[in-house]
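A.B. asks: Attaching a single structure in structure tokens format; questions to follow.
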Amino acid sequence: MNREFISSSVKWGVNPKGYFGDFGGAYIPEMLYPNVEQLRQQYLNIIYEPDFQEEFHNLLKDYVGRPSPLFHAERLSARYGTTIYLKREDLNHTGAHKINNTVGQILLAERLGKKRIIAETGAGQHGVATATVCALKGLECIIYMGEIDIERQAPNVARMKMMGAKVVPAVSGSKTLKDATNEAMRDWINNPIDTHYIIGSVVGPHPYPDMVARFQSIISEETKKQLFEKTGSENPDIVMACVGGGSNAMGMFYHFLDDQDVRLIAVEAAGLGVNSGESAATTLLGREGVLHGSRSILMQSDDGQVIEPYSISAGLDYPGIGPQHAHLFKQDRAEYVSITDDEAMQAGRLCSELEGIIPAIETAHALAQLEKMIFTGKESVVICLSGRGDKDLDTYMNYFNL
Amino acid sequence: MNRLNELFQHKKEPLLSIYFTAGYPDLNSTLDIAEAIEKAGADFMEIGFPYSDPLADGPVIQNSSQKALQNGMNLTILFKQLKELRKRVSIPVLLMGYVNPVLQYGVKNFCDSCAAVGVDGVIVPDLPMVEYEEFYKDYFIDNAISNIFLVTPQTSEERIRKIDNLSNGFIYLLSSSSTTGKNLTVSNEADAYFSRIREMNLKNPTMIGFGISDQKSFNKAAEYTRGAIVGSAFVKFLDTENALQRIPEFINSIRP
Ligand SMILES: Cc1ncc(COP(=O)(O)O)c(C=O)c1O
């Protein structure tokens, strides 16, 4: 593969010190340093080895089922009066974009000689995607998940267990994704030799944000080709995605970053409303600081305590965003907007009824943004359909009294 | 030269340092505990400032941090309490905590406040060495604040040398890579690691922390280094009845 094509944007990508503009770095205790440093030194060499690339792309094709379709959603298009395409990450094996990253990281872990895999999960999609690749490779798998998320994403907990993973509840703090991430980091501190930590989003110390973005960049790489086949142009006018930590959005934006005329829209979870005190709209409510090993934007009190976020969607219930997003936000390269629980739930139902696609509630946040936009009719819009809604049926059923 | 440097220069016997979390068990217990620790004969102390997401800590210090935050502790209040520090405590005092509260307070401000109240050193495990060196070092040096770095058995020799060059105080050795509150690893590998460090003849003295909980682990640490730091075991002890009055008893159980 042509290295130029897959390399990171000079302007928007990571610099040699591990920063995206003012954001990134590796704010980690010494106990994590040897593992993170080993990754930093080796990740690019390993992932661009021909043999890695071959295995990675074969697995994406034959195991994950890529390329994922780019679907022209005609009834949604008619409703909003413009041309809307859905990048169907929900059709991947395990039902979300998360597996693009776990396939990449498991191959990396193998090449680093690691025997034990740990991960955090919010919605359970990353946990399932990690348990899946561990089963595929016969590696021990431990998943940390907030106690509250274990309840609201029960089907995914069962899937992880089916595949032999151990699911450990995180009982500290808000008992959601942030706390699961703390527990995974503590595990890694206590198991410094044989363990690889598969972080599930573009967060964490350098090189994770860049590495995960590279694995997810397959989303925009395919989108460009598919859009060219359909329309004769590689670039749409607008690209949209939801943001928890930001991995599906980063993958969806990746190859459009340098195409300055493509509008990038990132949709955060407003929860009960940005001023309700029950929200996860990080860019609106947050300030610069350090969370989970990188300098970024996070929701915090004046004295630097992390504020517990809230969203109906477990995958967006996170008080930070990845450092590359913080950079795109600060430099105005992408627009950051937010959608409430109610708006997302309605959009999830609408997509189901109009297109026969039940989206994950995370994804429904991106779809809901369509309601707020004014179109001339000439735009083409690509939305990352990051995952399917099977895991959320309980929440949908309760919400709509189905 | 600060109190910490003087202590390491003059005292030859094994040193004992005690960690506790500011604002725990009560918002205003910080200085009472500090004074009692000195009276009971400890050589220096680390006062933890709490953080919501203490990812290098085990359950005991997670719990004390959470409780301290609920009690309303933060850096501004802590520095206010510490205005009285040097009226009541004469041994060296270090502050220990995570980087985000320090960044929000302002690193320069933080160092200035430390100096103003008579704090001698700081341990911020998630402040990276490169950032310290590039952006913050002068604030520490200007205020004679020792910045203490951690070292684990996995830290490379090259990195230990670099840490030694950047340090002025002591180097904090972990017996194994772990969160706080585990037991000291007693193994041939740990012995080999402590010996390896001793043979490096570092400029700075070393202390062992994380997992020191009794006389046995203290003596083990003192075999190889200048002494040891007790954290979780002390914080757990603070939860027992009449703990404040019984601090001498606790110190005696570690170093009679
Ligand atoms: C379907 C789906 N979309 C989005 C997300 C949010 O994560 P990220 O922002 O990293 O894409 C998740 C997380 O669990 C998810 O399951």
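The values are calculated or read from the model by the stated rules, or taken from the named source; none is laboratory data. Values in this document were obtained by computation on a predicted structure and should not be read as measured data. Here Cβ is always computed from backbone atoms with ideal geometry, including for glycine, and neighbour counts include all displayed protein chains. In case anyone asks, the SASA skips ligands and DNA or RNA and just uses the protein heavy atoms, side chains included. Shrake-Rupley method; radii C 1.70, N 1.55, O 1.52, S 1.80 Å.
A.B. asks: Taking only region A:122-137 into account, find how many residues are more than 7 Å from the ligand (Cβ to nearest atom) and crowded, with 24+ Cβ neighbours inside 10 Å.
C.D. replies: Final tally of qualifying residues: 9.
A.B. asks: Same structure, new question: Are there any pairs with C-beta distances below 7 angstrom linking a residue in region B:53-75 that is more than 10 Å from chain A (Cβ to nearest Cβ) and touching a residue at least 40 places away in the same chain (Cβ under 8 Å) to a residue that is open to solvent by 10 Å² or more (accessible area, probe 1.4 Å) and among the small types (Gly, Ala, Ser), with the two at least 6 apart or on different chains, and if so which?
C.D. replies: Matching pairs, first to second residue: B:VAL60/B:GLY181; B:VAL60/B:SER232; B:ILE61/B:GLY181; B:ILE61/B:GLY231; B:ILE61/B:SER232.
A.B. asks: Identify the residue in region B:97-153 that is charged (D, E, K, R) and touching a residue at least 60 places away in the same chain (Cβ under 8 Å) and, among all such residues, is nearest to the other protein chains (Cβ to nearest Cβ).
C.D. replies: For region B:97-153, the residue satisfying everything is B:ASP126.
A.B. asks: Based on this model, can you work out whether A:TYR318 counts as within 14 Å of chain B (Cβ to nearest Cβ) and within 15 Å of the ligand (Cβ to nearest atom)?
C.D. replies: Against the criterion (within 14 Å of chain B (Cβ to nearest Cβ) and within 15 Å of the ligand (Cβ to nearest atom)), A:TYR318 qualifies.
A.B. asks: Could you count how many residues in region A:359-378 are within 16 Å of the ligand (Cβ to nearest atom) and outside any helix (DSSP H, G or I)?
C.D. replies: Counting residues in region A:359-378 that are within 16 Å of the ligand (Cβ to nearest atom) and outside any helix (DSSP H, G or I) gives 2.
A.B. asks: If you don't mind, there's one more thing I want to ask. May I ask you to verify whether A:TYR27 is crowded, with 21+ Cβ neighbours inside 10 Å, in a helix (DSSP H, G or I) and of a type in the set (Phe, Trp, Tyr)?
C.D. replies: Considered against the rule, which asks whether it is crowded, with 21+ Cβ neighbours inside 10 Å, in a helix (DSSP H, G or I) and of a type in the set (Phe, Trp, Tyr), A:TYR27 comes out as no.
A.B. asks: If you don't mind, there's one more thing I want to ask. Determine which member of the set B:ILE91, B:ILE33, B:ILE37 is out of contact with any Asp or Glu (no Cβ under 6 Å at 6 or more places or on another chain), closer than 23 Å to B:HIS10 by Cβ and of a type in the set (Val, Ile, Thr).
C.D. replies: B:ILE37
A.B. asks: Right, something else. Answer yes or no as to whether B:VAL107 is crowded, with 17+ Cβ neighbours inside 10 Å and more than 16 Å from the chain's Cα centre (by Cα).
C.D. replies: yes
A.B. asks: From the list A:GLY273, A:GLY289, A:GLY304, which one is within 8 Å of chain B (Cβ to nearest Cβ), part of a loop (DSSP other than H, G, I, E, B) and modelled with pLDDT of 95 or more?
C.D. replies: Answer to the check: A:GLY304.
A.B. asks: Another one. Write out, first by first residue and then by second, each pair whose Cβ atoms fall under 6 Å of each other, whose residues are 6+ apart or on separate chains, and whose first residue, in region A:210-222, is more than 14 Å from A:ALA96 (Cα to Cα) and of a type in the set (Gly, Ala, Ser) while the second is within 13 Å of the ligand (Cβ to nearest atom) and not in a helix (DSSP H, G or I).
C.D. replies: From residues that are more than 14 Å from A:ALA96 (Cα to Cα) and of a type in the set (Gly, Ala, Ser), the pairs are A:ALA213/A:VAL202.
A.B. asks: While we're here: Can you tell me which residues in region A:254-274 are open to solvent by 10 Å² or more (accessible area, probe 1.4 Å) and within 14 Å of the ligand (Cβ to nearest atom)?
C.D. replies: A:TYR254
A.B. asks: If you go through region B:76-85, how many residues are open to solvent by 70 Å² or more (accessible area, probe 1.4 Å) and more than 10 Å from chain A (Cβ to nearest Cβ)?
C.D. replies: Matching residues across region B:76-85 total 3.
A.B. asks: Also, I was wondering about something else. Being open to solvent by 10 Å² or more (accessible area, probe 1.4 Å) and closer than 20 Å to A:LEU370 by Cβ is the filter here, so list the residues in region A:227-243 that pass it.
C.D. replies: Once the filter is applied, which keeps residues that are open to solvent by 10 Å² or more (accessible area, probe 1.4 Å) and closer than 20 Å to A:LEU370 by Cβ, region A:227-243 yields A:LYS230, A:THR231, A:ASN235, A:ASP237.
A.B. asks: Any idea which of (1) in contact with a strand residue (DSSP E or B) (Cβ under 6 Å, 6 or more places away or on another chain); (2) crowded, with 20+ Cβ neighbours inside 10 Å; (3) without any contact (Cβ under 8 Å) to a residue 60 or more places away in the chain is the one A:VAL168 doesn't satisfy?
C.D. replies: Of (1) in contact with a strand residue (DSSP E or B) (Cβ under 6 Å, 6 or more places away or on another chain); (2) crowded, with 20+ Cβ neighbours inside 10 Å; (3) without any contact (Cβ under 8 Å) to a residue 60 or more places away in the chain, only one is false for A:VAL168: (2).
A.B. asks: With (1) part of a helix (DSSP H, G or I); (2) open to solvent by 10 Å² or more (accessible area, probe 1.4 Å); (3) closer than 30 Å to A:GLY320 by Cα; (4) touching a Pro at 6+ places or on another chain (Cβ under 8 Å) as the list, and B:LEU7 as the residue in question, which single condition is left unmet?
C.D. replies: Only one criterion in (1) part of a helix (DSSP H, G or I); (2) open to solvent by 10 Å² or more (accessible area, probe 1.4 Å); (3) closer than 30 Å to A:GLY320 by Cα; (4) touching a Pro at 6+ places or on another chain (Cβ under 8 Å) is unmet by B:LEU7, namely (3).
A.B. asks: If you go through region A:171-188 one residue at a time, do you hit one that is more than 14 Å from chain B (Cβ to nearest Cβ) and within 16 Å of the ligand (Cβ to nearest atom)?
C.D. replies: Within region A:171-188, none of the residues are more than 14 Å from chain B (Cβ to nearest Cβ) and within 16 Å of the ligand (Cβ to nearest atom).
A.B. asks: Do we have any residue at all in region A:63-74 that's closer than 30 Å to A:TRP188 by Cα and touching a Lys or Arg at 6+ places or on another chain (Cβ under 9 Å)?
C.D. replies: Checking region A:63-74: not a single residue is closer than 30 Å to A:TRP188 by Cα and touching a Lys or Arg at 6+ places or on another chain (Cβ under 9 Å).
A.B. asks: Give A:GLY246, A:GLY251, A:GLY200 a once-over and let me know the one that is within 12 Å of the ligand (Cβ to nearest atom), in the same structural domain as A:TYR43 (by TED's automatic domain parsing) and open to solvent by less than 10 Å² (accessible area, probe 1.4 Å).
C.D. replies: Step by step, each of A:GLY246, A:GLY251, A:GLY200 is checked, and only A:GLY200 is within 12 Å of the ligand (Cβ to nearest atom), in the same structural domain as A:TYR43 (by TED's automatic domain parsing) and open to solvent by less than 10 Å² (accessible area, probe 1.4 Å).
A.B. asks: Find all pairs meeting these conditions: Cβ atoms under 7 angstrom apart; at least six residues apart or on different chains; first residue within region A:299-314 and touching a residue at least 60 places away in the same chain (Cβ under 8 Å) and at negative phi; second residue within 16 Å of the ligand (Cβ to nearest atom) and open to solvent by 40 Å² or more (accessible area, probe 1.4 Å).
C.D. replies: A:ALA314/A:ARG152
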